[in-house]
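Input: a single structure, listed below in structure tokens.
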Amino acid sequence: MEWMYMHMPISGVDILWPGLVLIGFSVGCIGGFFGMGGAWMVTPGLNILGFPMAFAIGTDIAHMAGKSMISTMRHAKFGNVDYKLGIAMIIGTMFGIEVGAQLIMYLERMGTVGPVVRWVYVVLLALIAWLVFYDYAKAVKADKAAVAGGGKATGQGGINWAPALHKIKIPPMMEFKQAGITCSVWLPMIVAFFTGILAGFLGIGGGLIRMPALVYLIGAPTHVAVGTDLFEVMISGLYGAFTYSLKGRIEMVAVFVMLTGAAIGAQIGVVATKYAKGYGIRILFGCAVLCCLVSVVLKEFKFNDLAAVVVLTSIGVISLYIIKIMVGGAINEVREKKAGGTQAAAH
Amino acid sequence: MFRHWFWRGGLLAVLTLLPSLAWAAGGGGASDIVVVADTRQLAGANFYFSELYNDNITVFAVWAVVLTTACGAVLGVVMDFIMKRTGIDLTKRSIVEH
């Protein structure tokens, strides 16, 4: 079985390469579907395969950049990427992350950084999960009430804070065509600034926070939120790849192997969004956030092996479900096309 | 014209420089231990890049970014070529919400 192992020239370890392809594939699926980098999933996976932790983080970041590029290319073809919105947000995000980093340094001086960060993370994840599920429950309730009253279910009765925020008309106003919104350019920048603070504070890429922020605060449709967030992940990931390479903590061979799997996974994940309703994506996203939450809590109580099992199981289950959505939708579409072609020929 | 390039250049500079601040925060700092790649058993590209890693980490970092970008772009184009042949409409989605 020696051929199943690949020598990593820099870290000097032998790694089961099908494992790398599988991790790349699964996280490509999940990242393309939800619009996040998925560092919380990849790093423990690489660590289990045998990478030292520092190499796992650097390799993950470089892979995240390549994978997000593939996903962004596909999302852009569906019209899911609002580049203008993405650039406005990058500026806010970067300043926010710096403030978050300064907060961390302050806590470090106080000697309380570890527990504070982990528990803020837990509370934040719990809030995001609650927000997603509450929003869904509210929308379902509103639809039921509308149907009972003789109206039509619109699926629009959930949380919607964006219109109130759009009323703040501080110039310059900007139209974000793909997202279909016009608002003060300060809105995405400020929202990104605050999500950036949280990302910097927690030491994460931020897709987990930015995607719901794009939906609930900026008012972007779920699909555009996913695509635009991936565009941001791509840019920050490329820089992350550079800095981690400078620190010497990157294994390029592993990045390429993972990217081959991610290239296929990302197509499945992105194309699956074509067949999934916005709420479907959000609910599944909420489930992913819950899995992340459970793994962080388990790690906090030193159940590291159990945390890894939770992460890997959730990656497997969620990516299988995304594959099901994609394959089912694609089969239906091709079948309908063929049926349409046959009917046209008969006429 | 100057104004146009001023804004373009400014935006590019911001996009290039600001992530350094960002990633200063992220991922938990790598330790200061210096890792040296053992190149004695390596050959070809592996040998070249491992030597580069040992000798000039900055050039290695530039290569890492360039190769990641190139790999992402090539795989994206190849997958696009393959996906077009599946018969799925990849230019629009039927579910449009707002």
Query raised in the report: Out of segment A:27-60, which residues are within 21 Å of A:A76 (Cα to Cα) and in a helix (DSSP H, G or I)?
Result: A:V27, A:G28, A:C29, A:I30, A:G31, A:G32, A:F33, A:F34
Query raised in the report: Name the residues in segment A:247-275 that are at the interface with chain B (Cβ under 9 Å from one of its Cβ atoms) and surrounded by fewer than 24 Cβ atoms within 10 Å (Cβ to Cβ), would you?
Result: A:K247, A:G248, A:V253, A:F256, A:T260, A:I264, A:K274, A:Y275
Report task. Would you check which residues across segment B:64-76 are at the interface with chain A (Cβ under 8 Å from one of its Cβ atoms) and open to solvent by 10 Å² or more (accessible area, probe 1.4 Å) and list them? Result -> B:V65, B:L67, B:T69, B:C71, B:A73, B:L75
Report summary line: Only unsatisfied item for A:S295, checking (1) within 11 Å of another protein chain (Cβ to nearest Cβ); (2) closer than 25 Å to A:V117 by Cα; (3) open to solvent by less than 10 Å² (accessible area, probe 1.4 Å), is (1)
Query raised in the report: Are any residues in segment A:116-142 free of Cβ contacts under 8 Å to residues at least 40 places away in the same chain, over 13 Å from A:Y279 (Cα atoms) and either open to solvent by less than 50 Å² (accessible area, probe 1.4 Å) or among the β-branched types (V, I, T) (or both), and if so, which ones?
Result: A:V116, A:V123, A:A142
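Residues checked against (1) open to solvent by 10 Å² or more (accessible area, probe 1.4 Å); (2) in contact with a Gly (Cβ under 6 Å, 6 or more places away or on another chain); (3) over 15 Å from B:A64 (Cβ atoms); (4) more than 7 Å from chain B (Cβ to nearest Cβ):
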| residue | (1), (2), (3), (4) |
| --- | --- |
| A:L202 | yes, no, yes, yes |
| A:I218 | no, no, yes, yes |
| A:T228 | no, yes, yes, yes |
| A:A241 | no, no, no, no |
Query - Which numbered condition A:F51 misses (of (1) under 27 Å from A:V257 (Cα atoms); (2) open to solvent by 10 Å² or more (accessible area, probe 1.4 Å)) - result: (2)
Report summary line: A careful count of residues in segment A:301-326 that are in contact (Cβ under 8 Å) with a residue 24 or more places away in the chain and either open to solvent by 40 Å² or more (accessible area, probe 1.4 Å) or not in a helix (DSSP H, G or I) (or both) gives 3
Query raised in the report: Of the residues A:A192, A:A164, A:A145, A:A179, which is surrounded by 15 or more Cβ atoms within 10 Å (Cβ to Cβ) and not in a loop (DSSP other than H, G, I, E, B)?
Result: A:A192
Query - Top-ranked residue of segment A:54-73 - restricted to ones that are without any contact (Cβ under 8 Å) to a residue 40 or more places away in the chain and touching a Leu at 6+ places or on another chain (Cβ under 7 Å), ranked as nearest to the other protein chains (Cβ to nearest Cβ) - result: A:D60
Requested in this report: Answer yes or no: is there a residue in segment A:11-18 that is of a type outside the set (A, V, I, L, M, F, W, C), more than 15 Å from A:D229 (Cβ to Cβ) and touching a Pro at 6+ places or on another chain (Cβ under 9 Å).
Outcome: yes
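The values are calculated or read from the model by the stated rules, or taken from the named source; none is laboratory data. Given the structure is predicted, the values throughout are model-derived calculations rather than measurements. A quick note on method: Cβ atoms are made from the backbone with ideal geometry, for glycine too, and the neighbour counts reach across all protein chains shown. Surface accessibility is based on the protein's heavy atoms, side chains included, excluding ligands, DNA and RNA. Shrake-Rupley method; radii C 1.70, N 1.55, O 1.52, S 1.80 Å.
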